[in-house]
Structure formats: structure tokens, C-alpha cells
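What follows is one structure encoded as C-alpha cells, with my remarks underneath.
None of the figures in this text is laboratory data; all of them are computed from the coordinates on show. Small disclaimer: the values here were computed from a predicted structure and weren't measured. Glycine also receives a Cβ, built like all others from the backbone with ideal geometry; neighbour counts cover every protein chain displayed.
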């Protein structure tokens, strides 16, 4: 569970970064290039991935387990 959530978080952060960079016209080459909606979507996906990654780091770190 913990490693799956970490992996999912990393994948979402990478995907969000790509979408954000395409949305702000830094990474050209697709229909998303220069479209502000994809920058917003990318930021949201990145934030979701970051939250998933941080939650995975917290799971199972207690001394009482």
C-alpha cells in the first residue's frame, strides 16, 4: 500500500509537471501547448500527487507499530 501510493504520487507529480509546462507554452508539441486550462489541470494533478506522496510517507511511521 505504502509503495503503491508513493509510486502513484510520483507519477501524478510528473504528469502534472508535463501538463503545466505545456499549458504555459514551455514544452511545445501537443494540442495542450499554450492552453491555460492545461496549466491549471497540471497544477491540480501535481498537488494531488504531492499529497498522495506525503500521505504515503506518513503511513506506518509511528513508533507504536
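So here's what we get for this one:
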{"item": "Test: residue in the range 32-54 that is surrounded by 12 or more Cβ atoms within 10 Å (Cβ to Cβ) and at positive phi", "result": "yes"}
{"item": "From the options 7, 17, residue that is without any contact (Cβ under 8 Å) to a residue 24 or more places away in the chain and part of a helix (DSSP H, G or I)", "result": "7"}
